[in-house]
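The values are calculated or read from the model by the stated rules, or taken from the named source; none is laboratory data. Because the structure is predicted, anything quoted here is derived from the model rather than measured. Every residue, glycine among them, receives a Cβ derived from its backbone with ideal geometry; neighbour counts consider all protein chains shown. What goes into the accessible areas is simple: the full protein's heavy atoms, side chains included, and nothing from ligands, DNA or RNA. Shrake-Rupley method; radii C 1.70, N 1.55, O 1.52, S 1.80 Å.
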Amino acid sequence: MSTPYAKLPAWADYGLIPLINLLVAFIVAGFVVVLVGENPFRAAIILVEGAFGKGTGIAFTLFYATTFIFTGLSVAVAAHCGLFNIGTEGQAYIAGLGIAIVCLSFDTVLPWWLTFPLAIAASALVGALWALIPAYLQAKRGSHIVITTIMFNFIAASIMVYLLVGPLKPAASQAPQTRNFLAGAELPKLNWIIELFGAKIRSAPLNVTFLLALVMAFLVWLLIWRTRLGYEMRTYGHSPKAARYAGISETRIIITAMMISGALAGMMALNPVMGDQHNVAIDFVSGAGFVGIAVALMGRLHPIGIVLAAILFGMLYQGGAELAFEMPAISRDMIVIIQGLVILFAGALEHMFRPYVQALFASFNPRSVGMEAVKEKGA
Amino acid sequence: MAQAAIELNGINKSFGAVRANRDINLEITRGTIHGIVGENGAGKSTLMSILYGFYQADSGEIRVGGKPASIKTPNDAIALGIGMVHQHFMLVDNFSVLENVILGAESDALLKKSIAKARSELNRLEREYGLDVDPDAIVEELPVGLQQRVEILKALYRGAEILILDEPTGVLTPAEADHLFRILRQLKEQGKTVVLITHKLREIMAITDTVSVMRQGTMVATRETKKTTVEELAELMVGRRVLLRVEKGEAAAGAVKLSVKNLTVRDTRGVTMVDDISFEVRAGEIVGIAGVAGNGQSELLEAISGIRRAVSGSVMLDGKPIDLTGAADPGELRDRGLAHVPEDRHHVGLVLAFEENENSILGYHDDPRYLKGPFLNIDAIRDDARDKIAKYDIRPGDCRLKTANFSGGNQQKIVLAREMEQDPGVLIVGQPTRGVDVGAIEFIHKRLIAMRDQGKAVLVVSVELDEIRSLSDRILVMFAGRIVGERGPETTEGELGLLMAGVEHQEAAL
Ligand SMILES: Nc1ncnc2c1ncn2[C@@H]1O[C@H](COP(=O)(O)OP(=O)(O)OP(=O)(O)O)[C@@H](O)[C@H]1O
Ligand SMILES: [Mg+2]
């Protein structure tokens, strides 16, 4: 007996069920909107229009999505190796330090296209090193990675606060942030792509890191399903005993997977720091690491799913901001509630509707149930 | 004519292209023990899963107690008095026996009442059927045989009149299996109906009243057990004559390939499981290690194959030592020509969530044949997997199918194919035919003997005495972590049985 409930066809598994979950999340959110005395349909329209209606909205949505693609990929890579990296937040935050060092040193001398690769390397390196310590403690000392990565989030936050109110702050400034970068560390915007489709954009932060995120999504797919290292990570993720039997070193695989995860988390910092604010400021990550967990879960740990889920969350961020602006009764906190509902239904309660969908399929056509989703994720 | 407890009429079930059950008709008489046998993948578990509500038939009718029944979920089955004991137990390890039994069948919101009621009910069941288990024992601390009794108690507690057991003896020691059969007989005397799936034809002969044979999804025959023989059943299952005991010539033992000296291994709790063991395996011979499960065989295999750290002693492979400090890398041992078929194929030998072809390189994924630089050479891997599927007749022959969807015997063939096809100098095999059908047993035994005849050193550990006796050129008996005797293959089962029970050992100690 393998599975008590047989599997659904792939399209239902990857398409229909997430859609149902999302719909339910929005219905429940609609009730909340009714509770505060607003019209939920108008709210929905404002939200979607805010995110996709105008060129500027789309650009903002994709800007947020960029951030979530990185953190989602980071969480997914660790998860494929059976590790729950909750430290994405801290790894991204501390990576801001690496970027700051590169940008502050070179923005006067190098053009952006030379600074950018250096900053990519620095952010990845710092993020990876920040993940290395919890990974080492897990592999060698058995300290649980969930606990240590959470603690490392706090340590990262403390270090960054210290640096941003002290050594990294220009002497004359009052704000806890670095000096603004010069042109040599400002990334080009991508708004022209959206303008190609005829939309008008006022000013939006969408920048070349979006393309980097898509490249990374492809590389992660390649890593997980097409390389020997990915094979070893998946083996360990499914069965540490089988990995031991196969001669895969536990220490090596945990450390490697966590460092890759940390590097991806670190690269997230490029988007707001070099693409938008042009400085490193306090709390620039602002929860994107945790959203990455939801994105990875909702994307079912597959890069394509993660890109789609990241766009969804980008939409919630951007559309939510519009909504808070347009409907005074709906505050910023309400938006967080709606986002929370999406996480609840799409992530945590992922399997709630599965049995019903399966029963429905079974009554239509008994043969389709039990048909294995033979094409396991992407492989 | 006695009344039918269950009637199945025209049951069909397909998984994609695989027709697991076709037009199955079966009648199970109330108050009997009904055996079902068949090759791996014949569709036995599928049929029982349909009866228990895990799967739905594509078409066909189920009647329980003469009335048509619609069984959509296991709860429907339980309501109809059908209980099932799974091969892989579904117990909560850190709950007590009592808590496990009432789990999901609590009669009251307050646990206290349910527990009191359950306790008296359990007492009654224990008395009636000889199902002794301490109700307050924690399940994970119980041996497998007792855990299985908890599963049976669970079913009876829910009012099961019909009990389905899917390969219940695969994990049991012979003594535990005997006890299980006593329990089953008592259940029958009390008027319960038992459906028993097993690959061990001897068990079928010993305990069932009627036996049905399945082959490739169809029901090919139903016989009164008294009127059939093991040979006939084997032939019905496989569709040809089966050698129940593979013939082999004299061994031509050559140089020592594997030598174990004064090996001592402790388990994670610090208990000595392998106690100062020494032996050798030569090229061209099969050495069998007999013993009741849990006497250190598993730890011995794990230490030799580099998975578990040894406390002291030495192991030499081709005259060169193996690092036993736990730093030993099973991958390095593979490179040196030591292949290992582990006892636990589900958690160690295979990754069930992988596609078949991904498992066919597990442990050999460093081999340049399967790689293109840092990338997997997917085409080479799949071609190679397809070759093995053909050569070892693995069914269904789809290398992209998820491994969990292969039947037990075919999963075992996946592991064997992988390890044997690497052409190792030394092959160590734990429980080569656990859960495997007679046809596949014959095949696997032939392969092992062929390996021997090619001059490989083969070490086999099995709890099946029959298997040890028909394969081995020399038999070592393990008891309580020690080797208590070495015998030839002609030794009687009785003598080996006594050695395995530690009888001679105790006498010697006196
Ligand atoms: N969920 C599933 N998806 C696809 N194929 C399946 C699934 N479950 C079983 N099968 C296939 O159906 C066939 C019958 O399998 P089943 O498990 O019923 O065999 P079995 O007779 O119990 O074998 P064994 O003796 O090895 O336990 C096999 O070919 C198996 O691979
Ligand atoms: Mg079965």
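Coordinate range of the alpha-carbon atoms in chain B per principal axis, descending: 68, 58, 48 Å. Given segment B:4-238 reduced to its alpha-carbon atoms as identical point scatterers, what log10 I(q)/I(0) does the Debye formula return at q = 0.08, 0.14 Å⁻¹? Log-scaled intensity ratios, in q order: -0.29, -0.90. For segment A:54-326, the dipole from Cβ point charges (+1 on Lys and Arg, -1 on Asp and Glu) about the Cα centre works out to 700 debye, to the nearest 20. Inter-part distance, segment B:157-195 to segment A:17-60, computed on C-alpha centroids, equals 57 Å. With K and R counted +1 and D and E -1, the other residues having a Cβ less than 9 Å from that of B:G35 yield a net charge of -2. Computed from the C-alpha gyration tensor, the three semi-axes of the ellipsoid equivalent to segment B:367-439 are 23, 16, 10 Å, from longest to shortest. Placing dummy labels 7 Å off each Cα toward the beta-carbon, the span from B:A17 to A:A121 is 5.0 nm. Accessible surface of B:E141, taken over heavy atoms with a 1.4 Å probe and every protein chain present, rounds to 140 Å². For the set B:T222, B:T198, B:T73, the ranking by accessible area, highest first and with no ligand, DNA or RNA atoms included, is B:T222, B:T73, B:T198 under a 1.4 Å probe. Inter-part distance, segment B:356-404 to segment A:143-162, computed on C-alpha centroids, equals 42 Å.
Using θ = phi - 60° in the Karplus curve 6.51 cos²θ - 1.76 cosθ + 1.60, the 3J(HN,Hα) couplings for segment A:301-312 round to 6, 9, x, 5, x, 5, 4, 5, 5, 5, 5, 4 Hz; x is entered for Gly and Pro. Protein-only accessible surface at a 1.4 angstrom probe places the residues B:V292, B:V461 in the order B:V292, B:V461, largest first. Segment B:36-90 and segment B:242-305 have Cα centres separated by 40 Å.
Using a Gaussian network model on chain A with a 10 Å cutoff between Cα atoms, which of A:N180, A:N271, A:N207 fluctuates the most? Per the Cα network of chain A with a 10 Å cutoff, A:N180 tops the list. Give me the accessible area buried between chains B and A, both sides summed, with a 1.4 Å probe, in Å² rounded to the nearest 100. Adding both sides of the contact gives about 3600 Å². Residues in segment B:34-47 carry Karplus couplings, in order, of 10, x, 10, 10, x, 4, 4, x, 5, x, 5, 5, 4, 4 Hz; the curve used is 6.51 cos²θ - 1.76 cosθ + 1.60 with θ = phi - 60°, and Gly or Pro positions show x.
Under 5 Å between amide hydrogens, built in the peptide plane, is the criterion, and for B:V220 it picks out B:V213, B:M214, B:R215 among residues at least 5 positions away or on other chains. Ligands, DNA and RNA aside, B:D166 has an accessible area near 10 Å² when probed at 1.4 Å. The largest accessible area among B:Y392, A:Y14 belongs to the first residue in A:Y14, B:Y392, and the rest follow in falling order (1.4 Å probe, all chains). Computed in the context of the full set of protein chains, the accessible area of the protein assembly as shown at 1.4 Å probe radius has 59% of its extent on carbon or sulfur.
Extension gain, B:S70 to B:A353, is 98.7 nm, computed as 0.36 nm per intervening residue step minus the present C-alpha separation. Go ahead and collect, in residue order, the members of segment B:255-293 whose backbone nitrogen is under 19 Å from a label point 7 Å along the Cα-Cβ direction of B:V503. So the set is B:290-293. A 1.4 Å probe run over segment B:4-238, with the rest of the protein chains in place, finds 41 Å² accessible per residue. Residues whose amide H lies under 5 Å from that of B:I36, counting only those 5 or more places away or on a different chain, are B:L196, B:I197, B:T198, B:S212; hydrogens are built 1.01 Å from N in the peptide plane.
Computed across segment A:97-228, the Kirkwood radius stands at 17.8 Å (inverse of mean 1/r, all Cα pairs).
Evaluating kT/(6 pi eta Rh) at 25 °C and 0.890 mPa s, with the Kirkwood radius of the protein assembly as shown over Cα pairs in the Stokes-Einstein relation, gives 80 µm² s⁻¹. Simple spin-label estimate for B:Q454 and B:D132 gives 5.1 nm between the two label positions (7 Å along the Cα-to-Cβ direction from each Cα). For B:K188, the shell of other residues with beta-carbons less than 14 Å away shows a net charge of 0, using +1 for Lys and Arg and -1 for Asp and Glu.
Modelled this way, with points 7 Å down the Cα-to-C-beta line, the labels at A:V215 and B:K320 are 4.4 nm from one another. With θ taken as phi - 60° and the Karplus curve 6.51 cos²θ - 1.76 cosθ + 1.60 applied, the whole-hertz 3J(HN,Hα) list for segment B:16-29 is x, 7, 7, 8, 6, 9, 10, 6, 7, 10, 7, 10, 10, 7 Hz, x standing for glycine and proline.
Considering only A:G82, A:F106, A:S261, and ranking their Cα positions along the charge dipole of segment A:54-326 that arises from unit charges at the beta-carbon of Lys, Arg, Asp and Glu, the one farthest toward the positive end is A:G82.
Considering only B:G502, B:L258, B:V458, the residue lying farthest towards the positive end of the dipole of chain B is B:V458, judged by Cα position with unit charges set on Cβ. Estimated at the nearest 10 Å², the accessible area of A:F218 is 120 Å² with a 1.4 Å probe. Cβ under 11 Å from B:R309's Cβ, B:R309 left aside: what net charge do those residues give with Lys, Arg +1 and Asp, Glu -1? Once all neighbours under 11 Å are counted, the net charge is -2. Considering segment A:54-326, its Cα convex hull presents a mean projected area of 15.1 nm².
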